[in-house]
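Colleague: First the structure, then my questions, so here it is.
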Amino acid sequence: MMTTLDSPPLGLLLADIVRGHRPRTEAGSVPANIPHLQSPPFDRFGIAVATTSGEVFRSGDADLPFSIQSISKVFTLAMALSADDSGSLWSRVLREPSGTSFNSLVQLEVEHGIPRNPFINSGALVVTDHLMERSPDAAAQVLRFLTGQVGQPGPFIDEIAARSELSSSSRNLALAHFLKEFGNLRRPAQAVVENYVRQCSIMMTCVEVAKAGLFLAQDGRGAQGAVISRSEAKRIGSIMLTCGMYDAAGEFAYRVGLPGKSGVGGGILAIVPGECAICVWSPRLDSKGNSLAGTAALADLSDRTGWSIF
Ligand code: GLN
């Protein structure tokens with residue numbers, strides 16, 4: 001595992017990152033519409049690094065399960081692209097940064113039901129709809145995929161949390177109905193949103209997310225062989241860099257210099273191609289829905305290790 005010469009060994013460095021970035025005061029926010037995301041204490045902070053040489057380093061609350069939320073969108077995209085029929089997906093969703101919030105309705109209407117990218121909610125709904133062609137229980141497919149990559153049982157769908165989020169999902173339902181109206185959703189809007197919310201409600205630890213994301217750092221090769229081709233891994237990394245943090249993608253690229261994907265559960269998956277996958281989790285969010293302490297920690301880690309694609 002390569003780090004710059006003046007940085008300490010990775011285990012010590014991660015412990016230092018936890019000391020420096022675990023929140024001491026209650027800054028930031030939690031999503032008002034998702035009740036269960038309000039429960040983790042503000043000072044939770046975990047980080048894990050899974051390396052391409054097969055090691056896993058962890059520190060802080062790296063073994064506590066959290067709600068992966070939109071980190072799931074990276075995995076559903078990879079699953080959709082790994083299918084033989086993947087060509088048709090790119091006629092239904094673009095690959096451009098949106099510059100708008102992840103659940104914005106305005107752009108979708110102006111652009112006639114074609115979402116800007118697969119990582120905003122409308123785009124992720126299209127990807128979930130696409131996966132439902134294979135099996136109607138897309139969330140179960142995602143769970144199976146993640147468990148396979150982690151290599152042992154661990155990830156689970158928090159069905160109670162999913163039900164509670166579903167009862168306040170008017171906005172996601174509105175997006176799904178817009179998509180349907182424009183002919184860009186094959187399954188019923190309600191069924192797609194249900195699957196989408198259940199995939200977002202998967203609980204995983206930092207260690208598990210880092211292990212599950214490792215295929216993106218090693219040319220598409222995961223725990224059970226090739227998930228996607230090397231070119232697809234490059235492309236997903238590019239979409240993470242330009243769209244993974246929504247309307248803060250530019251700021252994240254500036255500060256961290258790595259492809260990343262956040263979720264409103266406070267997790268972020270970041271990829272160092274050829275080296276490792278990193279997952280950091282701290283529940284309090286900035287105004288764009290990205291982990292406040294998690295982003296700061298990744299900026300610090302990339303500065304101290306030299307890990308960056310630039
Ligand atoms: N389930 C959340 C939503 O649809 C996911 C959003 C996110 O993590 N950015 O609003």
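Colleague: Checking residue 59 against (1) over 30 Å from residue 231 (Cα atoms); (2) within 16 Å of the ligand (Cβ to nearest atom); (3) hydroxyl-bearing (Ser, Thr, Tyr), which test does it fail?
Modeller: (2)
Colleague: Further question on the same structure: For residue 296, are the conditions met, namely being touching a Leu at 6+ places or on another chain (Cβ under 6 Å) and in contact (Cβ under 8 Å) with a residue 24 or more places away in the chain?
Modeller: no
Colleague: Filter region 271-293 down to the residues that are within 14 Å of the ligand (Cβ to nearest atom) and more than 16 Å from residue 38 (Cα to Cα) and list them by number.
Modeller: Listed by number, the list holds a single entry, 288.
Colleague: Within region 187-203, can one find any residue that is buried (at least 24 other Cβ atoms within 10 Å of the Cβ), outside any loop (DSSP other than H, G, I, E, B), modelled with pLDDT of 95 or more and touching a strand residue (DSSP E or B) at 6+ places or on another chain (Cβ under 6 Å)?
Modeller: Yes, region 187-203 contains at least one residue that is buried (at least 24 other Cβ atoms within 10 Å of the Cβ), outside any loop (DSSP other than H, G, I, E, B), modelled with pLDDT of 95 or more and touching a strand residue (DSSP E or B) at 6+ places or on another chain (Cβ under 6 Å).
Colleague: When the residues of region 109-126 are narrowed to those that are over 21 Å from residue 240 (Cβ atoms) and in contact (Cβ under 8 Å) with a residue 60 or more places away in the chain, which ends up surrounded by the most Cβ atoms within 10 Å (Cβ to Cβ)?
Modeller: Taking the candidates together, the pick is 113.
Colleague: Another question, then. Residues to consider are 248, 299, 226; find the one that is surrounded by fewer than 24 Cβ atoms within 10 Å (Cβ to Cβ) and within 16 Å of the ligand (Cβ to nearest atom).
Modeller: On inspection, the qualifying residue turns out to be 248.
Colleague: Moving to a separate point now. Output the qualifying pairs, or none if there are none: Cβ atoms under 8 angstrom, residues six or more apart or on different chains, first residue in region 88-107 and farther than 23 Å from residue 253 by Cβ, second residue assigned to a helix (DSSP H, G or I) and within 15 Å of the ligand (Cβ to nearest atom).
Modeller: Matching pairs, first to second residue: 89/126; 89/127; 92/126; 105/171; 105/174; 105/175; 105/178.
The values are calculated or read from the model by the stated rules, or taken from the named source; none is laboratory data. Values in this document were obtained by computation on a predicted structure and should not be read as measured data. With ideal geometry, Cβ positions are generated from the backbone for all residues, glycine too; neighbour counts draw on all protein chains shown.
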